[in-house]
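In what follows, a structure is listed as structure tokens, so that the remarks can point back to it.
The values are calculated or read from the model by the stated rules, or taken from the named source; none is laboratory data. The model shown is predicted, which means the values in this text are computed figures rather than measured ones. A quick note on method: Cβ atoms are made from the backbone with ideal geometry, for glycine too, and the neighbour counts reach across all protein chains shown.
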């Protein structure tokens, strides 16, 4: 991990991994290739490998397009199609880290903007999580899909400073159904304080089928 920034212990304490910094959409393609290669080295089920790459793609795209703002607080790239090229300024590097401890793969994407708010996040997810009631949104479909790509999702942000998104995928099973049976949990932290929590579900097969057409 990068020494100058503290990442969530769920990722940083793991035993092996890869690190990448990026500032452009071109570098995103390289980062996704690194993610795919990391999964391949671990010999995890192909579907879980695809979920890891999808998670990386969505989190990096959000950091490139949705997170950056100008001095007035206006989002610089959110209006652009994600097929367009985006280049961030020096000092605005996004960090991608991958870790695996033999039980779970952890993926961290950190941006230095801290512009994601609980209202924005919960609006994208479109359901209730803990004390926050989440509304529906026409955007954030990819972010909503992360609920069914990972076993545990952690979002931690310091307003105006940085946002850390961490996805953990349980790889202890041999099949995708094993992944589903282990369930899903979610935590949202603001300034180090947890403000939303979705407890672990012991069986995700029934709940996932109602949200994700791929299940």
Self-check item: Checking residue 93 against (1) touching a residue at least 12 places away in the same chain (Cβ under 8 Å); (2) at positive phi, the condition it does not meet
Solution: (2)
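In region 67-76, how many are without any contact (Cβ under 8 Å) to a residue 60 or more places away in the chain and closer than 16 Å to residue 22 by Cα? Walk me through how you get there before you give the answer.
Taking region 67-76 and keeping what is without any contact (Cβ under 8 Å) to a residue 60 or more places away in the chain, we get 68-76.
Then keep just the ones that are closer than 16 Å to residue 22 by Cα; that gives 68.
Qualifying residue count, region 67-76: 1.
Please report, ordered by residue number, the helices (runs of 4 or more DSSP H) entirely within region 1-96 with at least 2 residues that are in contact with a strand residue (DSSP E or B) (Cβ under 8 Å, 6 or more places away or on another chain) and modelled with pLDDT of 90 or more. Break it down into steps so the answer makes sense when it comes.
Details: elements: 9-12, 25-42, 46-61.
In region 1-96, 25-42, 46-61 are the helices (runs of 4 or more DSSP H) which contain 2 or more residues that are in contact with a strand residue (DSSP E or B) (Cβ under 8 Å, 6 or more places away or on another chain) and modelled with pLDDT of 90 or more.
Residue 84 - would you say it is surrounded by fewer than 16 Cβ atoms within 10 Å (Cβ to Cβ), within 25 Å of residue 114 (Cβ to Cβ) and out of contact with any helix residue (DSSP H, G or I) (no Cβ under 7 Å at 6 or more places or on another chain)? So that I can check it myself, show each step before the final result.
Details: surrounded by fewer than 16 Cβ atoms within 10 Å (Cβ to Cβ): yes; within 25 Å of residue 114 (Cβ to Cβ): yes; out of contact with any helix residue (DSSP H, G or I) (no Cβ under 7 Å at 6 or more places or on another chain): yes.
In short, yes.
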Self-check item: Matching residues in region 196-215 - criterion: being surrounded by 17 or more Cβ atoms within 10 Å (Cβ to Cβ), in contact with a helix residue (DSSP H, G or I) (Cβ under 8 Å, 6 or more places away or on another chain) and either at pLDDT 80 or above or not in a loop (DSSP other than H, G, I, E, B) (or both)
Solution: 196, 208
Quiz item: Got a sec? Which of 117, 175 is closer than 28 Å to residue 91 by Cα, surrounded by fewer than 20 Cβ atoms within 10 Å (Cβ to Cβ) and modelled with pLDDT under 85?
Solution: 117
Quiz item: Given the conditions (1) under 26 Å from residue 38 (Cβ atoms); (2) touching a strand residue (DSSP E or B) at 6+ places or on another chain (Cβ under 9 Å); (3) at pLDDT below 90, which single one is not true for residue 106?
Solution: (3)
